[in-house]
Amino acid sequence: MELVPADPTVLHPFPDQPRVVLLKPLVKSPLIEAGEYSYYDDPDDATAFETRNVLYHYGPEKLRIGKFCAFGTGVRFIMNGANHRMDGPSTFPFPIMGGSWSEHFDLISGLPGRGDTVVGHDVWFGYGVTVMPGVRIGNGAVVASGSVVVDDVPDYGVVGGNPAKLIRTRYSEDEVARLLAVAWWDWPAEHLTEHVRTVMSGTIDELEQAAPRG
């Protein structure tokens, strides 16, 4: 029997479950990048991810999402456009209200940012996670439901809380280095299809043995 990889170009991988969407064929904004097979689950309107789940996104900072990420319902990315000045008496953004106040738009357009928000490969986000601007979340990380991520998350780290703190790491430092070296998310789809069981439930040794040669 021929092993056929899943199709990364379809919007709904489960035709009878419109609540699940693949992000790569969904997103149109040049400010959002999504890797193959990363998906979002929402019973209300999963296709509105760009407007309901990525907020205050006026650029130039980008949201970069890796491959094979799982986003639970209500995950939201707060982008740098949400920032207000805090170096004066008032934090209110007067210039966006219009009138003569708009002449002072430089007071909010030049606010410092933390750069792109970056999500690695194979990251699992629980229900209702909030990610603040400029955060970098490592490969293989897990973010617990309801977390507010304000700082970077290490590769294969498990974080939770508000603000999110490192609870534990899924593997030792040496094991993480091996997992990053094998980088299964970059394997050809046909090869990955042959070794899905190893990727999901195998040991690191088995994963290394299954890696493509050459």
Filtering region 35-79 down to residues that are of a type in the set (D, E, K, R) and assigned to a loop (DSSP other than H, G, I, E, B), which residue is most open to solvent (accessible area, probe 1.4 Å)? Asp44
Subset of region 91-106 that is assigned to a loop (DSSP other than H, G, I, E, B) and closer than 22 Å to Met132 by Cβ - its residue that is least open to solvent (accessible area, probe 1.4 Å): Pro93
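Return yes when Arg197 is farther than 19 Å from Tyr37 by Cβ and among the charged types (D, E, K, R) and no when it is not. Step through it out loud before you land on a result.
Working: farther than 19 Å from Tyr37 by Cβ: no; among the charged types (D, E, K, R): yes.
Spelling it out, it is not the case that Arg197 is farther than 19 Å from Tyr37 by Cβ and among the charged types (D, E, K, R).
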For a quick check of your reading of the model, give me the residue pairs whose first member lies in region 26-40 and is free of Cβ contacts under 8 Å to residues at least 24 places away in the same chain, whose second is crowded, with 19+ Cβ neighbours inside 10 Å and aliphatic (A, V, I, L, M), with beta-carbon atoms closer than 6 Å and at least 6 apart or on different chains. Val27/Ala34
For region 43-88, which positions are over 26 Å from Pro8 (Cα atoms) and of a type in the set (A, V, I, L, M)? Ile78, Met79, Ala82, Met86
Among the residues of region 126-156, which ones are out of contact with any helix residue (DSSP H, G or I) (no Cβ under 7 Å at 6 or more places or on another chain) and of a type in the set (D, E, K, R)? Arg136, Asp151, Asp152
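The values are calculated or read from the model by the stated rules, or taken from the named source; none is laboratory data. Being a predicted model, the structure only gives us computed values, none of them experimental. Methodologically, a virtual Cβ is constructed for each residue, glycine included, from the backbone with ideal geometry; neighbour enumeration extends over all protein chains shown. Heads up: the accessible areas ignore ligands, DNA and RNA and are worked out on the full protein's heavy atoms, side chains in. Shrake-Rupley method; radii C 1.70, N 1.55, O 1.52, S 1.80 Å.
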